[in-house]
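Here's the structure, in structure tokens; my notes come after.
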């Protein structure tokens, strides 16, 4: 299998859609490739790149503290709408909780407490 960026681009070409990646340069896009988990489909909207949220934070954390990485992610990534092709970020119960409050206030308590 080719790398995830190639796979995503090939998939997008097959369905004639444009996808957006994290990063403004090829180097930055490649840096976050290990966090790509696939393509997400949404009713009535174009598919988008899906990233593992914890892995994205981990990658940002290579250059800053975890707290700084979460803050950067909250305000510059999840808070940066780039249009319909904006990637989505999937949180997993298998990972350390991340980003307790997003700027748009989507922090939802599902603990039932």
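Read-outs: derived from the displayed coordinates by stated rules, not from any lab. Note that this is a predicted model, so its numbers are computed, not measured. Methodologically, a virtual Cβ is constructed for each residue, glycine included, from the backbone with ideal geometry; neighbour enumeration extends over all protein chains shown.
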Residue span residue 27 to residue 43: 0.36 nm per residue of separation minus Cα-Cα distance leaves a gain in nm of 2.6 nm
Mind ordering 15-22, 46-53, 78-85 by average Cβ neighbours within 10 Å, highest first?
-> 46-53, 15-22, 78-85
Restricting to the range 4-90, what percent of DSSP beta bridges are antiparallel, rounded to 5?
-> 60 percent
Just report the Cα centroid separation between the range 11-33 and the range 52-93, whole Å.
-> 16 Å
Using 0.36 nm per residue, how much length does the chain from residue 20 to residue 64 gain when fully extended, once their Cα-Cα distance is taken away?
-> 13.4 nm
